[in-house]
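Take a look at the structure below.
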Amino acid sequence: MDAFDLHRHVIADYSAYTKSFVRIADTRISKVVDDEIACGLLWPEPLLQLNPAFEPGRSVDELVQQGALHKDCVRIFRAKEHENDLGRPMRLHLHQDQAIQIASQDRPYVLTTGTGSGKSLAYIIPIVNHVLKRGTGRGIQAIVVYPMNALANSQQEELDKFLKRGFGGGDPLVSYQRYTGQEKQDARDAIQRNPPDIILTNYVMLEMILTRIDERAMVEKAHGLKFLVIDELHTYRGRQGADVSMLIRRCRDAFGSADMLCVGTSATMATEGTSDEQTDVVASVASKIFGQPIRKQDVIGETLRPNAIELDFKSPGVKQALRAIVTEEMTPPEDFEQLSKDPLAAWIESRFGIRIEEVTKHRRRQTPSPLTGSGSAAAALAHLTQTDEERAAKAIRTWLESGSHIRHPETNFPFFAFRLHQFITRGDTVWTSLESSEQRSLLLRGQLFVPGDRSKLLFPLVFCRSCGQEYYRVERKQAGFVERRENFNICKETGVESGYLYVSEEAPWPTDEQDLLNRVPEDWIEEHRKQRRVKRTMPVPEVIRITPDGTIGHQGIEAAFVRAPFRFCLNPNCCVAHNARQRSDAGKLATIGTDGRSTATSVLALSTILKLRADPALA
C-alpha cells in the first residue's frame with residue numbers, strides 16, 4: 001500500500017466534501033478561499049515520523065529457560081498470524097525485559113515508552129506469568145484500568161491473539177473478561193458469579209465494583225489482588241487524578257492487598273527538560289498517585305537503536321553521495337544490510353526517527369516533521385545537496401516506501417515504519433472589513449482589526465446556501481454601532497439586535513416602497529385599499545450607513561441590516577425564502593468551516609476504508 005497515495009486520496013475526498021456545501025458568489029472572496037485551502041488552511045502539510053527500532057532484550061524462550069517465566073509462556077507469547085498458527089519465537093524489547101525483571105522483584109513501575117513500543121506486553125506478560133505460577137481460577141488476580149472503553153476492547157483483542165490463537169479453541173490457560181459497563185446483563189451476572197483471572201475495566205466501573213452491592217462478590221474474589229495497572233496515566237489530572245489516586249488506596253484496602261503491585265503506562269506524562277529530568281517528574285507524580293514510592297530506576301523508558309549507520313552529514317563525501325542519489329534518481333537498496341549502510345537511509349532516520357539529546361547523549365524520538373513545504377525535510381535535503389526540493393521529496397518518498405517493505409531478519413520489523421500525522425480543522429470563515437468590495441480586507445483567520453489599522457474592525461462573513469451571497473454577521477447596539485457576532489446564536493440581551501449586514505454596489509437594498517415589492521417574498525405582501533404593500537409586521541431590512549470602525553451614522557458604506565433569524569436572501573437573483581418557524585440560521589447560511597463533525601469524520605473514515613479495500617496488496 002502506498003501511504004502517500006492513500007493520503008492524497010482521502011484529502012481529495014474531504015476537500016470535495018467541504019466545498020460541496022460552501023457556495024461563494026463574490027469572485028474575489030472565492031479566489032482567496034480557494035488559494036488558502038490549497039495552501040493548507042483546513043489540512044496543513046502532514047507531519048511524518050518514524051517508529052524507531054528498539055534495543056532488543058531477551059526472548060521469551062530465554063526467559064523461560066532462565067526460570068524468569070513460567071514454561072507455558074513459551075506457547076502463549078509467540079508471534080501468531082492466524083487462529084491455528086502456533087507462532088514463531090518472540091524477542092522482547094529491552095524495556096519489556098526490564099519491566100518483567102522489576103515485576104519479578106515485586107516493585108511497582110511505570111512505562112514511559114512511546115507509540116508502537118509494546119507497552120501492554122510489559123505488564124501483560126508479568127500478569128500472565130503470575131497467574132500461571134499461582135494457578136488459574138483463584139479469583140481476580142489483576143485489574144487493568146483504561147481511560148476509554150475502546151482501549152479495553154482493543155486489549156481484549158490483543159489477549160485473544162496470545163491466549164486463544166494456536167490452542168485449538170479450548171479454554172485459555174489464563175481467563176480474562178472485559179467489565180466496562182457496556183456488557184449485557186447476563187454477561188455481567190456471569191462475571192460476578194465466576195470472576196476471571198484478569199479484569200479489563202475503566203476507573204468509573206472499578207469505583208462501582210467497590211461500592212455496589214451486586215459486585216460485592218467480585219471484591220471478595222479479588223482479595224489479595226496482585227496487579228493493578230493504570231493505563232495512560234497522564235490522562236488523570238487535577239480532580240480526576242485525585243479521584244483515581246484515592247480509588248487506588250481504597251482498592252488496596254478493600255482487596256486486603258498491602259503488597260498490591262501498581263503499574264502505570266504513559267508516553268506523555270512529562271515532556272519538559274531532559275530525559276533524566278522527565279524521569280524524576282514521572283517518579284514523583286506516580287508515587288503520589290499510587291500511594292507508594294516509585295524509584296527513579298523503576299521508571300522504564302525506551303532504549304532506541306538506529307537501523308542505519310550514523311554519519312556526519314556535514315562531511316563533503318556524505319553530501320556528495322546524497323547529491324548523487326537525489327540528482328541521478330537512484331533506486332534504494334533491496335535488503336536490510338545494504339539499506340543500513342545507505343547515506344539517504346541514515347539521513348531519513350536522523351530527520352524523522354532518532355535524535356541525540358545534547359545533555360544526556362541519549363537517543364530520543366525525533367519531532368515529527370513535514371515532508372514538503374516551508375521548513376520541511378525535502379527543503380532541508382535540497383539545501384544540503386544543492387538540488388531542487390521536488391527531486392528531494394521524491395527521493396525521500398521512494399526510500400520510505402521501499403524501506404517499509406524491508407524487514408529486520410530477526411525481529412521482522414520494517415526498516416522504516418513511518419506514519420503520517422494529518423491534522424484536519426473544521427475551519428472558520430472569511431473575516432472582512434466594512435468597506436467596498438474592492439477595498440475590504442479578506443482574511444481567513446479571525447482577529448479583531450485589519451492588520452496594521454486598528455480603526456478598521458473585522459467581521460465574519462456567512463454565505464447564502466442557495467446563491468452564495470455574502471453577509472456580515474453582526475450585533476447592533478442601541479448606542480449606534482455594530483459588533484461582530486461569533487456564532488449563529490441570537491443574543492437575548494436588552495438593547496442588542498442580532499442580525500446580518502447586506503452590502504452590494506450592484507444591487508443595493510431599496511428604500512422606495514414600490515421597489516421593495518420586487519425584492520421581498522410574495523407572502524410578505526398584502527392588499528391594502530386596493531394597493532399592494534409590504535405587511536407592516538414583517539421585519540423589512542433597514543438601510544443604514546456604517547463606517548469601518550462599526551459606527552452607524554451618515555458616513556461609510558451603505559448596508560441593509562437584516563434582523564435574525566434570517567428570513568430571505570436579499571440578492572435579487574436568489575430571493576430564497578425560509579419558513580418563519582425555522583429559527584436556526586445555521587441551515588440557511590454557511591461558513592468555511594465544516595458543518596457536521598460526525599459527518600466529516602464519516603467522510604474521512606469511509607474514504608480511507610474504500611481506498612484500502614481497493615488496494616490489491618491488502619486483498
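Side notes on the structure shown:
- Centre separation in Å (Cα based) which lies between region 598-619 and region 129-160: 32
- Signed unit charges on C-beta, dipole axis of the chain, positive-most listed residue HIS93, MET330, SER257: SER257
- Shape class for region 104-217, computed from the alpha carbon gyration tensor (a ≥ b ≥ c): rounded, with a/c under 1.5.
- Sorting the segments 397-409, 137-149, 234-246 by their mean number of nearby beta carbons within 10 angstrom, highest to lowest, gives 137-149, 397-409, 234-246.
- Cβ-based net charge around PRO508, under 11 Å, with every Lys or Arg adding one and every Asp or Glu removing one: -3
- Summary of the geometry: region 84-103 and region 283-346, compared by the centres of their Cα atoms, lie 22 Å apart.
- Computed over the chain, the per-residue total of -39500 (n - 2.57) for DSSP H runs of n ≥ 4 gives a 222 nm mean residue ellipticity of -10500 deg cm²/dmol, rounded to 500.
- Cα centroid separation, region 506-521 to region 38-71: 68 Å.
- Set of lysines with alpha-carbon distance to LYS31 below 18 Å, sequence-local pairs under 8 removed: LYS19
- Between GLU81 and LYS492, the FRET efficiency from the beta-carbon distance, with R0 = 51 Å, is close to 0.25.
- The simple spin-label model puts a point 7 Å past each Cα toward its Cβ; for VAL204 and ASP276 those points are separated by 4.3 nm.
- Subtracting the Cα-Cα distance of ASP13 and SER104 from their residue separation scaled by 0.36 nm leaves 27.6 nm.
- Sites ASP259 and HIS405, calculated FRET efficiency, Cβ-Cβ separation with R0 30 Å, nearest 0.05: 0.05
- Cross-link pairs exceeding 18 Å in C-alpha to C-alpha distance, out of LYS71/LYS133; LYS80/LYS164; LYS164/LYS221; LYS80/LYS161; LYS119/LYS161; LYS80/LYS611, comprise LYS164/LYS221; LYS80/LYS611.
- Potential lengthening between ARG355 and SER374 on full extension [0.36 nm per residue; Cα-Cα distance subtracted]: 4.8 nm
- Packing-based order for 118-128, 602-612, using average beta carbon neighbours within 10 Å, highest first: 118-128, 602-612
- Summing Cβ point charges (Lys, Arg +1; Asp, Glu -1) relative to the Cα centre of the chain gives a dipole of roughly 1480 debye.
- Gain on full stretching of the segment that runs from ASP428 to ASN153 - 0.36 nm per residue minus C-alpha separation: 95.5 nm
- Where labels lie 7 Å past Cα in the beta-carbon direction, separation of PHE4 and LYS314 in nm: 3.0
- Å² of accessible area per residue within the chain, as computed with a 1.4 Å probe and no ligands counted: 49
- With the charge dipole of the chain set up from +1 on Lys and Arg Cβ and -1 on Asp and Glu Cβ about the Cα centre, the Cα lying farthest toward the positive end among the listed residues ASN153, TYR14, HIS405 is that of ASN153.
- Sum of side-chain charges, ARG363 neighbourhood, beta-carbon under 15 Å (Lys, Arg +1; Asp, Glu -1): -1
- LEU618 paired with THR331, simple spin-label distance in nm, labels 7 Å along Cα-to-beta-carbon: 2.6
- Leading residue at positive end of dipole, the chain (Cβ point charges), from ILE230, THR429, LEU618: ILE230
- Checking every one of the GluC sites (Glu not before Pro) in region 355-391 against DSSP loop status and a limit of 16 other Cβ atoms within 10 Å picks out GLU357, GLU358.
- Heavy-atom accessible surface of the chain: percent carbon and sulfur, 1.4 Å: 49
- Nearest-0.05 FRET efficiency for ASN573 and ARG532, computed from C-beta distance (R0 22 Å): 0.50
The values are calculated or read from the model by the stated rules, or taken from the named source; none is laboratory data. Just so you know, these numbers come straight off a predicted model, no measurement behind them. In this analysis, Cβ positions are derived from the backbone assuming ideal geometry, glycine residues included, and neighbour counts consider all displayed protein chains. Calculation scope for accessible area: heavy atoms of the full protein, side chains included, ligands and nucleic acids excluded. Shrake-Rupley method; radii C 1.70, N 1.55, O 1.52, S 1.80 Å.
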